[in-house]
1. So how many residues does segment 69-109 have that are polar (S, T, N, Q), within 13 Å of residue 164 (Cα to Cα) and out of contact with any Gly (no Cβ under 7 Å at 6 or more places or on another chain)?
2. Kindly provide the set of residues from segment 105-149 that are of a type in the set (Gly, Ala, Ser) and outside any loop (DSSP other than H, G, I, E, B), ordered by number.
3. Kindly indicate the residue of segment 195-209 that is touching a Ser or Thr at 6+ places or on another chain (Cβ under 7 Å) and surrounded by 14 or more Cβ atoms within 10 Å (Cβ to Cβ) and also nearest to residue 96 (Cα to Cα) among those meeting that condition.
4. Of the residues that make up segment 90-97, is at least one modelled with pLDDT of 95 or more and in a loop (DSSP other than H, G, I, E, B)?
5. Restricting to segment 174-189, and then to whatever is closer than 15 Å to residue 95 by Cβ and within 24 Å of the chain's Cα centre (by Cα), can you tell me which residue is surrounded by the fewest Cβ atoms within 10 Å (Cβ to Cβ)?
6. Would a scan of segment 203-224 turn up a residue that is in a loop (DSSP other than H, G, I, E, B) and in contact with a Cys (Cβ under 7 Å, 6 or more places away or on another chain)?
7. For segment 158-173, does any single residue satisfy the condition of being under 30 Å from residue 26 (Cα atoms), outside the structural domain of residue 69 (by TED's automatic domain parsing) and surrounded by fewer than 14 Cβ atoms within 10 Å (Cβ to Cβ)?
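The values are calculated or read from the model by the stated rules, or taken from the named source; none is laboratory data. Note that this is a predicted model, so its numbers are computed, not measured. Here the Cβ positions follow ideal geometry from the backbone for every residue, glycine too, while neighbour counts run over all protein chains shown.
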Amino acid sequence: MSKINTNQDTKAIDETKNISSYSTDKLLELIIELQGLAQAGLHYGKDAFDLERYERIRDISAHMLSICSDEPVEKIKGLFCNETGYQTPKLDSRAAIFNGQGKILLVHENNGTWSLPGGWVDVTLSVYENIVKEVKEEAGLHVLPQRVIAVMDREKHNKPRYAFRICKIFILCREQGGGFIPNIETTGYDYFSMSDLPTLAEEKVCREQLQMCFDAYSSDHWETYFD
């Protein structure tokens, strides 16, 4: 009878335990990195066989994310593997607008939560142009962007985590008239102080970020925050 290599078996068990103890955040981080490497390979690679391998690696990353998220793999591929070129973070712009009483404008989302007006930066627009557009669409107001409050890594401030990196740009804006127009994203807007904030859409903006906007508004020498 052959002798069992207990040292090797113990090592295998330990490795399995280490894998199972990985946090979801760590696994997601590795999956995102794997997808990014595959996409870079698809962009820069020339050899047909290498391109096929990179495509397979990206496909594997989508299946791994599907397992972690319980979302259908085809949905994951549509969100996670639909870009070409070198993988870069997405841009999200948010407007901080204050009234004469020093309260900040929040729009009422159609799911009942509240957020700063804003959204993805369109590929055809500058950040300046985009924030003007977003405020007009969500609040019906005309604004003049004045200065950048912050450029923040969403991963460090907002939950839940997404399968792609996002840079959030907060912009102090001055209202210049207008009025709410019914739309499919928001049902209205109102102004709030830090002491009476409503239920926030924390995947878009959190209390810490709103406090930062208040601080920037009340400061004559605010320096753009970035992380």
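1. First, pick out the residues of segment 69-109 that are polar (S, T, N, Q): 69, 82, 84, 87-88, 93, 99, 101.
Imposing the further condition that a residue be within 13 Å of residue 164 (Cα to Cα) reduces the set to 82, 87-88.
This time we only want the ones that are out of contact with any Gly (no Cβ under 7 Å at 6 or more places or on another chain), so: 82, 88.
Qualifying residue count for the region: 2.
2. Of all residues in segment 105-149, those of a type in the set (Gly, Ala, Ser) come to 112, 115, 118-119, 126, 139-140.
Selection gives 115, 118, 119, 139.
3. Pass one, segment 195-209, residues touching a Ser or Thr at 6+ places or on another chain (Cβ under 7 Å): 199-201, 204-205.
Those still in the list that are surrounded by 14 or more Cβ atoms within 10 Å (Cβ to Cβ) too: 200-201, 204-205.
Values: 200: 15, 201: 15, 204: 13, 205: 11 Å.
Looking at residues that are touching a Ser or Thr at 6+ places or on another chain (Cβ under 7 Å) and surrounded by 14 or more Cβ atoms within 10 Å (Cβ to Cβ), I get 205.
4. The first filter runs over segment 90-97 and keeps only residues modelled with pLDDT of 95 or more, leaving 92-97.
Filter once more, keeping what is in a loop (DSSP other than H, G, I, E, B): none.
No, there is no match, as no residue in segment 90-97 is modelled with pLDDT of 95 or more and in a loop (DSSP other than H, G, I, E, B).
5. For segment 174-189, the residue satisfying everything is 185.
6. Step one: list which residues in segment 203-224 are in a loop (DSSP other than H, G, I, E, B), which gives 203-206, 219-224.
From what's left, in contact with a Cys (Cβ under 7 Å, 6 or more places away or on another chain): none.
No.
7. Just the residues of segment 158-173 that are under 30 Å from residue 26 (Cα atoms), to begin with: 158-170.
Right, trim to outside the structural domain of residue 69 (by TED's automatic domain parsing) and you get 158-170.
Of the ones still in play, those that are also surrounded by fewer than 14 Cβ atoms within 10 Å (Cβ to Cβ) are 159-160.
Checked segment 158-173: at least one residue is under 30 Å from residue 26 (Cα atoms), outside the structural domain of residue 69 (by TED's automatic domain parsing) and surrounded by fewer than 14 Cβ atoms within 10 Å (Cβ to Cβ).
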